[in-house]
Amino acid sequence: GGIKFVDTSPAYGKSLSSRSLSSEHLTGLVTENPSSNMPNELSMVATKFHPTGILKRRPLSTAAAIVRDVEASCERMGVTSIELYQLQSHKYYVGGMNALADGLAEAVNVGLCNHVGVCNMPENKLRIFQEKLEERGITLATHQFEFSLTSNRREGARMIEVCKELGIIPIAHTPLDRGFASGKYNAMDPSGGKFGNPRYKFVVLDRWTPLHEALGKVAERATLRLQVDTTSRMSKSFRDRQKQMQDQQQKKRETEITKCQVAINYIVTKGAVPIPGIKNKQDAEELLGCVGWM
């Protein structure tokens, strides 16, 4: 059990840039450190190639540039091969889609990565790029795009169908839509439970009130469905009954479904793999609670 898919990028972790570090460095430290409590079978680690050369501040144009970037990502994470290597964008690459396909195919052929994917690619480009990879003997494994309850619903649903048709795994990034889809920010709590100025204006949040109310109702019903009533099976012994009541309260806490979990499972039921951001232990525990209740 647990979370075994980690999506990172050399461009993530801007606060670490002053120390010449990135999210890839942290991913490598966590997966290598035995005391980090990460499972040995972790995980499918995915990272990305940025055609505009975010880290180097220069344009990239050749297939060899992609291979060099895969090697650099491997070095930052302390591995010899990456499970999934993705194109962050197909735009602005001087070498064009042929050079991108050549570079990814070479990275797979020399063993630097096992699978390749793309991000935010429109349907027509996705079909063309898949054909280019197949011509080079490589399969396009994943396509990552924005999809949530409150953003890109129609386009995202269409892209999921296209991915199914093409045999590509659809991955939904920003599945909580920056707090809109989870109800973290709502008309009654525009600051998300924090002190200070609200992050969004009331007029923006108010339009999502019906959805947030519906999320709350679904969460309540799912919680009730999971909480098994053990009252009829309680022992007549006062001590045993007290222990059973404590166990029941603990189980109630463990099976309480949140709006966030409903929003994540919406993505799952639509056929995509959600990759929400995790900033702390509380986020991780809440997301782990999504497993197994739908």
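For the reader, a short list of remarks on this structure follows.
- Some residue of the range 99-108 being over 15 Å from ILE66 (Cβ atoms) and buried (at least 20 other Cβ atoms within 10 Å of the Cβ): no
- Looking only at the range 109-134, and only at residues there that are over 22 Å from the mean Cα position of the chain (by Cα) and in contact (Cβ under 8 Å) with a residue 40 or more places away in the chain, the one that is least open to solvent (accessible area, probe 1.4 Å): LEU112
- Just one residue in the set THR150, THR174, THR209, THR139 is on the phi > 0 side of the Ramachandran plot, of a type in the set (S, T, N, Q) and modelled with pLDDT of 90 or more; that residue is THR174.
- Taking the criterion of being hydrophobic (A, V, I, L, M, F, W, C) and part of a strand (DSSP E or B), the residues of the range 92-148 that qualify are CYS113, VAL116, VAL118, CYS119, LEU140, ALA141, PHE145.
- If you filter the range 52-72 down to residues that are at pLDDT 85 or above and out of contact with any helix residue (DSSP H, G or I) (no Cβ under 6 Å at 6 or more places or on another chain), you find that the one that is most open to solvent (accessible area, probe 1.4 Å) is ARG68.
- If you go through the range 66-91 and keep only what is among the polar types (S, T, N, Q) and assigned to a loop (DSSP other than H, G, I, E, B), you end up with THR80, SER81, GLN88, SER89.
- The one condition from (1) out of contact with any helix residue (DSSP H, G or I) (no Cβ under 7 Å at 6 or more places or on another chain); (2) hydrophobic (A, V, I, L, M, F, W, C); (3) over 30 Å from HIS212 (Cα atoms) that LEU104 does not meet is (1).
- Some residue of the range 258-277 being loosely packed, with under 13 Cβ neighbours inside 10 Å and modelled with pLDDT of 90 or more: yes
- Enumeration of residues in the range 175-184 that are out of contact with any Ser or Thr (no Cβ under 7 Å at 6 or more places or on another chain), of a type outside the set (Ser, Thr, Tyr) and in a loop (DSSP other than H, G, I, E, B): GLY183, LYS184
- Subset of the range 258-277 that is aliphatic (A, V, I, L, M) and touching a residue at least 40 places away in the same chain (Cβ under 8 Å) - its residue that is nearest to MET159 (Cα to Cα): ALA272
- Scanning the range 149-174 for residues that are over 17 Å from GLN88 (Cα atoms) and not in a helix (DSSP H, G or I) yields LEU149, THR150, SER151, ASN152, GLY167.
- The C-beta contact set for the range 208-221 (first residue part of a helix (DSSP H, G or I), second residue of a type in the set (D, E, K, R) and open to solvent by less than 90 Å² (accessible area, probe 1.4 Å), distance under 8 angstrom, 6+ apart or interchain) comprises HIS212/LYS259; LEU215/LYS259; GLY216/LYS259; ALA219/LYS259.
The values are calculated or read from the model by the stated rules, or taken from the named source; none is laboratory data. No experiment lies behind these values; they were computed from the predicted model shown. Reconstructed Cβ throughout: ideal geometry from the backbone, glycine too, with neighbour counts over all protein chains shown. Areas reflect the complete protein model, heavy atoms only, side chains present, ligands, DNA and RNA absent. Shrake-Rupley method; radii C 1.70, N 1.55, O 1.52, S 1.80 Å.
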